[in-house]
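Trainee: There's a structure below that I have some questions on.
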Amino acid sequence: CPAFYGHRSIRGRRFVVLEDLTHGMREPCIVDIKLGTTTVAPEAAWSKRITHLAKDRETTTRSLGVRLIGAMHTGAGADGGPRLKLGKPWGKAIRPGGLTAALRSVFSNEGRLCRRALRHYVLCLDKLLRVLQSAPRWQLVSSSLLFVFEPEFE
């Protein structure tokens with residue numbers, strides 16, 4: 001979880017200042033995942049509920065309770081930009097049968113799984129699962145998990 005450093009006003013706009021989780025990494029990899037079978041709170045306006053519920057049904061949100069939002073692997077790509085940059089349209093296009101392959105691609109570096117990072121995240125997710133199982137009535141609404149890791153270099 002990034003440290004919270006307060007607020008800053010720039011040209012009349014107020015911003016939240018958070019720790020840079022990638023600081024000190026050579027080639028950080030970032031993966032954004034949403035958890036929950038809905039992205040809209042029950043008390044939201046009806047118009048918002050309609051659009052979000054439709055999006056939830058069209059993506060893996062409703063059926064699997066998880067949706068890849070995007071990913072970026074920095075480092076020199078062929079065009080000089082990031083090696084991998086996948087945004088919301090990519091995540092929305094993933095269907096249930098393609099989620100495993102998509103997860104494998106974003107947690108890999110040059111075709112090799114980042115096993116060290118995955119072992120760490122599995123332990124963290126297991127702790128989260130135990131918390132969620134300890135109380136019978138949890139509802140995750142558009143909850144995000146941000147994975148930040150360094151790829152494994154040989």
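Trainee: Collect residues whose amide H, placed 1.01 Å from N in the peptide plane, falls under 5 Å from the amide H of Asn109; neighbours closer than 5 in sequence don't count.
Mentor: Cys114
Trainee: Label-point separation (nm) for Val17 and Glu43, each offset 7 Å from Cα along Cα-to-Cβ?
Mentor: Reported label-point gap for Val17 and Glu43 is 3.2 nm.
Trainee: Whole number in Å², please: accessible area per residue of the range 16-127, 1.4 Å probe, ligands, DNA and RNA not counted.
Mentor: On a per-residue basis, 61 Å².
Trainee: Can I ask one more? Cα centroid distance between the range 131-154 and the range 1-73, in Å?
Mentor: After rounding, the separation between the Cα centres reads 12 Å.
Trainee: Now for a different question. Whenever you get a sec, compute what percent of the accessible area on the range 17-154 sits on carbon and sulfur atoms (1.4 Å probe).
Mentor: Using a 1.4 Å probe with all protein chains present, the range 17-154 comes out at 57 percent carbon and sulfur.
Trainee: Right, next: Using modelled amide H (1.01 Å from N, peptide plane; none on Pro or chain starts), what sits under 5 Å from the amide H of Thr38, excluding residues fewer than 5 places away?
Mentor: HN-HN under 5 Å from Thr38: Ser142.
Trainee: Could you work out the mean projected area of the convex hull around the alpha carbons of the range 28-154, in square nanometres to one decimal?
Mentor: 9.1
Trainee: Right, here's the next one. Would you grab the residues whose amide H sits under 5 Å from the one on Ile69? Only those 5+ places off in sequence or on another chain, please, with H modelled 1.01 Å from N.
Mentor: Asp32, Ile33, Lys34
Trainee: Separate question: Ordered by residue, what ³J(HN,Hα) values in Hz, to whole numbers, does the range 11-24 give under the Karplus form 6.51 cos²θ - 1.76 cosθ + 1.60, where θ = phi - 60° and Gly and Pro are x?
Mentor: 6, x, 9, 9, 10, 8, 10, 10, 4, 7, 5, 8, 4, x
The values are calculated or read from the model by the stated rules, or taken from the named source; none is laboratory data. Predicted, not measured: the structure shown is a model, and the values here were computed from it. Glycine also receives a Cβ, built like all others from the backbone with ideal geometry; neighbour counts cover every protein chain displayed. Heavy atoms of the whole protein, side chains included, go into the accessibility calculation; ligands, DNA and RNA do not. Shrake-Rupley method; radii C 1.70, N 1.55, O 1.52, S 1.80 Å.
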